[in-house]
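The structure appears right after this line, and notes come after that.
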């Protein structure tokens, strides 16, 4: 796709990325809503829409092409197969021409009013990433089933705990959210690799390695579920795939802090082993002190003391020994993973930071 020259434009140029898979029931209507909204803000922004049809098996691609054929600033990209969200977004990012990129869900579960809020925030704060978060102060979640809301909220809390909070970024409450604004130049340097929803935490992780500023705005997530059907009675399912997102969140948590998954359990097992091992030691000492030849303990084989201690509390040897061995192994794995993570962080930082304008 031909890149647009926008360096001399007085207004910021916004690329709106909208991924879609089997969205024939919504694609024309909601792309139209996005276009109408942006036309009302043309005094503030120049804009384009990049719609990525990720291997849809329905008429999504055809409808999107028909829609874009009448509009010069609406571009449709196609995947021959469904490569999942991460691949779709990476492809769309590579084709964006804007100063900033805003990613939206086609079902508009975050209203279009979030677009100027995201852009204004990223311009005011000079942040590299601005996240629309329903979990930060002032945010709101509506019409989401309780179970999905609970799982999504706590998955993000879990991820938030593992994210380092430093002077370059505020507390991040929504690691998995897709609706964000990006500095395009910065985003292009991150060398993203994720194929699915794990692209969201990957972006955050790599941005934090580079000490990029990441901020959030309060957002209203209103779930759009099985409310749209065509003339044949087919219904559109929600695009929110919470269970899959949660699985990727757990995996991404390991990427953020791999050593915690080894060091903390290892340290806990080592502490646990001290109690039974301590009792085994006490039994051995008691045997030595109570032995008739205790005045000349050099003649008392240590093996006798250990055998006596084992007979008194065999479970102490089993539980204590097993816990100590496993705990030490986990602790060592944690140190190794910490070293590997720091090594990766350093290489990534060296490879990218010199190319990014601070």
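Values quoted throughout were computed directly from the atomic coordinates according to the rules given, and no laboratory measurement underlies them. These numbers come from a predicted model, not from an experiment. In this analysis, Cβ positions are derived from the backbone assuming ideal geometry, glycine residues included, and neighbour counts consider all displayed protein chains.
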Run the paramagnetic zone check for residue 94: 7 angstrom along Cα to Cβ, then residues of region 174-196 with backbone nitrogen under 20 Å. 182-196
Label point distance in nm, residue 151-residue 137, each placed 7 Å from Cα along Cα→Cβ: 3.1
From fewest to most C-beta neighbours within 10 Å, the residues 203, 336 line up as 336, 203
Would you report the distance distribution of C-alpha pairs in region 98-153 as whole percents per 5 angstrom bin, up to the bin with the largest distance? 4, 15, 25, 25, 16, 10, 5, 1
Projected label distance in nm at residue 158 and residue 289, using a 7 Å step from Cα toward the beta-carbon: 4.8
Just to verify a number: FRET efficiency for residue 307 and residue 328, C-beta to C-beta distance, R0 = 35 Å, to 0.05? 0.90
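Semi-axes of region 13-256's equivalent ellipsoid from the Cα gyration tensor, sqrt of 5 times each eigenvalue, largest first, rounded to whole Å? Before the final figure, lay out each step's value.
Values: eigenvalues 140, 90, 59 Å².
Semi-axes, largest first: 26, 21, 17 Å.
Please arrange 84, 193 by counting, for each residue, the other beta carbons lying within 10 Å of its beta carbon, fewest first.
193, 84
Obtain the radius of gyration and the Kirkwood radius of region 1-156 from its C-alpha atoms and give Rg over Rh.
Details: Rg = 16.1 Å, Rh = 16.7 Å.
So for region 1-156, dividing Rg by the Kirkwood Rh gives 0.97.
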Between residue 73 and residue 260, with labels modelled 7 Å along Cα→Cβ, what's the label distance in nm to one decimal, could you check? 4.2
